[in-house]
Amino acid sequence: MAPAEQRIPFVFNSPHSGRVYPADFLEASKLDERMIRRSEDTFVDDLFASVVPLGAPLMRAHFPRAWLDVNREPYELDPRMFDGELPPYANVRSLRVAGGLGTIARVVSENVEIYAEPIPVADALLRIETIYKPYHETLRQLLATTHQRFGFCVLVDCHSMPSSVRAAPGRARADIVLGDRYGTSCAPAISEAAHAILTDAGYAVARNKPYAGGFITEHYGRPGNGLHALQIEINRGLYMNERTLQLNSGFERLAADLARFTAALSSVPDAALYPIAAEAAE
């Protein structure tokens, strides 16, 4: 979703909110529709739709995470779930693969197996070549264009989390978790401002635990180059019924708060976000 004119140096991305399930995928799965949707960041793209009239692009996936996860390396693949031999460059040993949540997921939440039988390797590679790679190329272009226009760019990667996620001992369950890869994916000014804005709005906000940011945050966050990436995880219980996948009465308030969050975050001083090399040359 593109604004009529990009007025702020932000790009928003919702890689897991897709709700269009290919028919052949549903046929290959042994799960019913409700169960297979448990990995969705349902309605997250709608929660952040307000960023577009504020002047920021919002990129969103239409395909579901259970079919293809673009918040992974391109070839994080589990050989146990495929019929055929994976290419030698596949990463078959990552922690995400071990957990069943590679580029092509083996499970949905709580280790529920998706497929009734192994799927052809060629099917997985086709998803990567025709959907994953174009998705990331489009995202790269958005970030590069924004960086060129403003001198820096902030990527906000938008997600949701189950309301059952447990908090650390002695702490309340978080409403929102901010992930900056423990301070490596964006300037401290961004993380600190995001935390302050959301806390002042009345939300319980955690940082990096239990979610520090996935592949997208880690891969695109280069704060020394003026490329900042912040992941935001929102407790689904704030805005939806997780059993029926229907919006609840909290949606409108949360969406309005996120609009105010975006407007306030965009006022972080530019001097804190420019590339380090550019600052040193001045």
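A short reminder: the numbers here are calculations on the coordinates, not readings from a lab. What you see is a predicted model, and the numbers here were worked out from it, not measured in a lab. For neighbour counting, all protein chains shown are included, and Cβ atoms are generated from backbone atoms with ideal geometry for every residue, glycine included.
Observations
- Computed from Cα atoms, the angle from the helix 188-200 axis to the main principal axis of the chain rounds to 90 degrees.
- Residues listed by number, the range 218-243, amide nitrogen under 20 Å from A189 label point at 7 Å toward C-beta: 221-231
- Table column - 3J(HN,Hα) (Hz), the range 123-140, Karplus curve with 6.51, -1.76, 1.60, x for Gly and Pro: 5, 5, 5, 5, 4, 5, 6, 9, 10, 4, 5, x, 4, 5, 5, 5, 5, 4
- Taking the chain as a Gaussian network of alpha-carbon nodes connected by springs under 10 Å, the highest mean-square fluctuation of the residues P22, P88, P74 belongs to P88.
- Label sites at E5 and Q246, each approximated as a point 7 angstrom past Cα along Cα to Cβ, lie 4.3 nm apart.
- Whole-Hz ³J(HN,Hα) from phi, Karplus 6.51 cos²θ - 1.76 cosθ + 1.60, for the range 42-57, glycine and proline x: 4, 6, 5, 4, 5, 4, 9, 4, 5, 5, 5, x, 6, x, 10, x
- Each of H136, H62 was scored by other Cβ atoms within 10 Å of its Cβ. Arranged with the fewest first, they read H62, H136.
- Secondary structure note: in the chain, about 30% of the DSSP beta bridges are antiparallel.
- Here the Gaussian network model covers the chain, with springs between Cα atoms less than 10 Å apart; of L95, L86, L58, L95 fluctuates the most.
- Working from Cα pairs under 8 Å separated by at least six residues, relative contact order for the chain is 20 percent.
- Two-site label geometry, T199 and R93: point separation in nm, points 7 Å out along Cα→Cβ: 4.1
- Taking other C-beta atoms within 10 angstrom as a stand-in for reagent exposure, L247, L26 fall in the order L26, L247, fewest first.
- With neighbour counts taken as other beta-carbon atoms within 10 Å, the residues V268, V108, V20, V92 rank, fewest first, as V20, V92, V268, V108.
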